[in-house]
Amino acid sequence: MELYLDLCSQPCRSVFLVAKALNIPFDFKHVDLSAGQNYSEEFGKINIMRKVPVMKDADFILTESTAILDYMVQKHRGPTHWFPSELQPRARVNEYLSWQHTNLRTTGSKVFLLKVVFPMMMGCDAPKEKMDAAMDGLNESLSLLENYFLQDKPFIIGNQISVADVVAIAEVMQPVGSGVDVFVGRPKLCVWRDRVKAQLGEELFKEAHEVIMKISDLTQNIDKTALEMMKPKFQKMFS
Amino acid sequence: MALELFLDMFSQPCRSVYMFAKKNNIPVEVRTISLMNGEHFSEEFGKVNPIRKVPALKDGDFSMGESIAMMQYMAEKFKTPDHWYPADLQKRARVNEYLCWQPMGIRLHGSKIFWLKLMLPSVFKIEVPKEKMEGALEDLDSSLKLIEDTFIQDRAFIAGEQISMADLVAVVEIMQPFAAGVDVFKDRPKLLAWKERVVQAVGKELFDEAHESILNAQEAVKLIDSSKMEAFRPRVIRLML
């Protein structure tokens, strides 16, 4: 199996973490988004939508991280807590995976984009009111994660980790990588993060998050041609 | 006791859940929650879904939100025909792929058109800047093209020869901008043909029933009490403009 990934990307991190946690053998195919490698002719043959992650299992190509996670867990039949077979715990995982697309993923990405990508593309810091609005959105998502999805449980489904927690932590770490410490003032979130880290293994967690935690190194050394190519798209997004 | 579904048929995900439940003869009690009248802010509804969104499901003591997760729950619990959410690994993956792509891929764009074309001018009396509308229409256009070229291609339905949850979820999103007056099917014979197949597979009567309110939206919005919606103005402006 091949996994086309850039660990800057949250959905790539969740796929990477679950594949490693389940000991699924795979070839890591690095697609460097900052160098515009997703626009290469070669990658276009893998995914015409030019996004990561992508999974290639023999001739079967699959995009969308939550689809890939379901496929991997079903195929490799690891411990069932990753994607429970019981009706209601499974529903809770599906509920989280569905909710997060337009909530934590969107709000966490927005903060990251404004803090890291905006200055690169627009030549100045993001306007305060945009940043404040983005932070409000992120705070709302984090509150819902804590108060609705976690509540008093150790993990989203209860006593055991599932793909929902992995997807959640990958998203939470995105604004963290951009310098926003979302854990300050959120003891419940801290404790949950530490539990997730312990279940995945500290080393694996660190490996998955190494790139995002050093994102400023990457942005300072970004390929100028690739940057120019990406500017129109981002300028449209930010306007 | 029958499963309770809390729905507002103006909402795309409510329509997919409704059609799925009814087509599969799942014993459900439909409870209408009028978003325009703020019924999702009631204390009672807050106990069903603290996130205060529709659709929501209550099965005895178990409540949940999120339409796709709800359909997956109903499919499993009531053992609906396999084609709705296939057990086969690769077929299921294709359904999941669409279901995961669609929130940002089409739902976002179709909803935005609905708000920009209908809700903002009629309810909030906001004139939408030309370039915002054009940008939104461009985004919708790109999404519809992707649906045709990548997700449907030459197949009868998204996952193959038979309808699945993916088609239900797709069609309701496409009907939203359509209801706002954008002819999404113009110059898109493939999309139109697929839509007709979906209508046939669901049953025309059920499809029409599910879409009755939204297809009357242009008239219905004129009856909305704008003063009740004022509290939402800042949020609507922030999200849509």
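Bear in mind these aren't lab numbers, they're just calculated from the coordinates by the rules spelled out. The shown structure was predicted, so the numbers you read here are calculated from the model rather than taken from an experiment. Cβ sites come from the backbone with ideal geometry, for glycine too, and all protein chains shown count toward neighbours.
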Task: Per-residue average of Cβ from other chains inside 10 Å of B:91-100 - done: 6
Task: Selected from A:Cys12, A:Cys190, A:Cys124 as most flexible by GNM, with chain A as the system and alpha-carbon contacts under 10 Å - done: A:Cys124
- [ ] Would you be so kind as to identify which of B:Leu99, B:Ala69, B:Ile51 lies farthest towards the positive end of the dipole of segment B:28-150, taking Lys and Arg as +1 and Asp and Glu as -1 on Cβ and the Cα centre as origin?
- [x] B:Ile51
Open item on the list: Using the Cα centre of the protein assembly as shown as the reference point, and only Cβ charges (+1 on K/R, -1 on D/E), how large is the resulting charge dipole? Debye, rounded to the nearest 20.
Closed with: 340
TODO: Please list the non-local residues whose amide H lies under 5 Å from the amide H of B:Phe185, H modeled 1.01 Å from N, same-chain partners needing a gap of 5 or more.
DONE: none
- [ ] Count charges around B:Asp208 for me, please; just the other residues with Cβ under 15 Å from its Cβ, Lys/Arg as +1, Asp/Glu as -1.
- [x] +1
Task: About the Cα centre, charge dipole magnitude for segment B:3-80 (Lys/Arg +1, Asp/Glu -1 at Cβ), debye - done: 300
- [ ] Go ahead and set up a Gaussian network model of chain B, Cα springs under 10 Å, then flag whichever of B:Phe207, B:Phe41, B:Phe151 fluctuates most.
- [x] B:Phe41
- [ ] Could you tell me the distance between the Cα centroids of segment B:1-51 and segment A:141-186, to the nearest Å?
- [x] 28
Task: FRET efficiency estimate (nearest 0.05) - Cβ-Cβ, B:Leu146 to A:Gln88, R0 35 angstrom - done: 0.55
TODO: Would you mind telling me the antiparallel percentage of the DSSP bridges in segment B:3-80, rounded to 5?
DONE: 60
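Counting DSSP beta bridges in chain A, what percent are antiparallel, to the nearest 5?
65
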Open item on the list: Which one, A:Phe238, A:Asn23, A:Phe205, projects farthest toward the positive side of the charge dipole computed for chain A from Cβ point charges (K/R +1, D/E -1)?
Closed with: A:Phe238
TODO: As a check on your grasp of the helix formula, calculate [θ] at 222 nm for chain A: sum -39500 (n - 2.57) over DSSP H runs of n ≥ 4, divide by the residue count, round to the nearest 500.
DONE: -17500 deg cm²/dmol
- [ ] In debye, nearest 20, what is the charge dipole magnitude of chain B about its Cα centre with +1 on Lys and Arg Cβ and -1 on Asp and Glu Cβ, if you could check?
- [x] 300
Task: Phi-based couplings in Hz for segment B:202-210 (Karplus 6.51, -1.76, 1.60; Gly and Pro marked x) - done: 6, x, 4, 4, 5, 4, 5, 4, 5
TODO: Please identify, among B:Leu206, B:Leu35, B:Leu89, the residue showing maximal mean-square fluctuation in a Gaussian network model of chain B using a 10 angstrom Cα cutoff.
DONE: B:Leu89
Open item on the list: If amide hydrogens are placed 1.01 Å from N in the peptide plane, which non-local residues have theirs closer than 5 Å to the one on B:Ala56?
Closed with: B:Phe6
Open item on the list: Take the residue pairs A:Lys56/A:Lys224; B:Lys79/B:Lys190; A:Lys115/B:Lys125; A:Lys29/A:Lys153; B:Lys53/B:Lys125 and return only those whose Cα atoms are more than 27 Å apart.
Closed with: A:Lys56/A:Lys224; B:Lys79/B:Lys190; A:Lys115/B:Lys125; A:Lys29/A:Lys153
